[in-house]
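Right, one structure below, let's go through it.
The values are calculated or read from the model by the stated rules, or taken from the named source; none is laboratory data. For clarity, every value in this text was computed on a predicted model and none was experimentally measured. Note that we place each Cβ from the backbone using ideal geometry, even for glycine, and neighbour counts take in every protein chain shown.
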Amino acid sequence: MSIAITPLITEEQIRARVVALAAEIAPRLLPGTVVVALLKGAFVFAADLLRELARHNLDLNLDFMVLSSYGNDTRSSGRVLINLDCQKLVENRDVLLLDDILDSGNTLTFAVNHMRFKGAERISTCVLLDKPSRRQTYFQADFVGFTIEDLFVVGYGIDYAERFRELPFIGHLTE
């Protein structure tokens, strides 16, 4: 099998959008907000966004969750599993969920409901990429980096079978 990656969103475009997202998000965050990054895909996005949010002098707490629905496939199974839950107490606190891609809507719907179950006061969501054409569950993120077509993408933390996360850009993967 031969794999080709065609650049879709450049490193410079990502950087500019992360700066703009931080400016959009910062006024809406309260001190002590718990930022929960969904791993593994959102780790690069979360790191860059948190550094930009720090320029706005915010008092934030960082945590992570590992949720899975893809395995080693290019399509979501539709079943979301918690492989690692966040460790911070979110009860009566504001939460900002960060994810790499809003695709079917299943993962973020699950994560939001899970934060509600844990007693979060207010939950906001931010995604780097939104693929509205793939929605199975109605879900709209509060903050979106880029809206893209129904393409399988890699890079900037996003993988295919644990490969290509290290790319500094978002690329369209074809086999």
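Which of the residues that make up the stretch 95-135 are over 13 Å from the mean Cα position of the chain (by Cα), at pLDDT 95 or above and under 26 Å from Arg15 (Cα atoms)? Correct list: Val95, Ile123, Pro132.
Within the stretch 151-175, work out how many residues are surrounded by fewer than 18 Cβ atoms within 10 Å (Cβ to Cβ) and either free of Cβ contacts under 8 Å to residues at least 24 places away in the same chain or not in a loop (DSSP other than H, G, I, E, B) (or both).
Keep residues of the stretch 151-175 that are surrounded by fewer than 18 Cβ atoms within 10 Å (Cβ to Cβ), which gives 151-152, 161-163, 165-166, 168-169, 172, 174-175.
Next, from what is left, pick out any that are either free of Cβ contacts under 8 Å to residues at least 24 places away in the same chain or not in a loop (DSSP other than H, G, I, E, B) (or both): 163, 166, 172, 174.
Residues in the stretch 151-175 being surrounded by fewer than 18 Cβ atoms within 10 Å (Cβ to Cβ) and either free of Cβ contacts under 8 Å to residues at least 24 places away in the same chain or not in a loop (DSSP other than H, G, I, E, B) (or both): 4 in total.
Among the residues making up the stretch 117-150, those that are outside any loop (DSSP other than H, G, I, E, B) and farther than 27 Å from Leu173 by Cβ are Phe117, Ala120, Arg122, Ile123, Ser124. Considering the stretch 24-45, the residues that are assigned to a helix (DSSP H, G or I) and touching a helix residue (DSSP H, G or I) at 6+ places or on another chain (Cβ under 8 Å) include one that is farthest from Glu175 (Cα to Cα), namely Ala26. For the stretch 26-47, a residue qualifies if it is farther than 15 Å from Asn61 by Cα and surrounded by 21 or more Cβ atoms within 10 Å (Cβ to Cβ), and the qualifying residues are Gly41, Ala42, Val44, Phe45.
Tell me, please, whether a residue that is on the phi > 0 side of the Ramachandran plot and free of Cβ contacts under 8 Å to residues at least 12 places away in the same chain can be found in the stretch 54-75. Even if it seems obvious, please write down each step before you answer.
Let us first name the residues in the stretch 54-75 that are on the phi > 0 side of the Ramachandran plot, namely 57, 71.
Imposing the further condition that a residue be free of Cβ contacts under 8 Å to residues at least 12 places away in the same chain reduces the set to 57, 71.
Within the stretch 54-75, one or more residues are on the phi > 0 side of the Ramachandran plot and free of Cβ contacts under 8 Å to residues at least 12 places away in the same chain.
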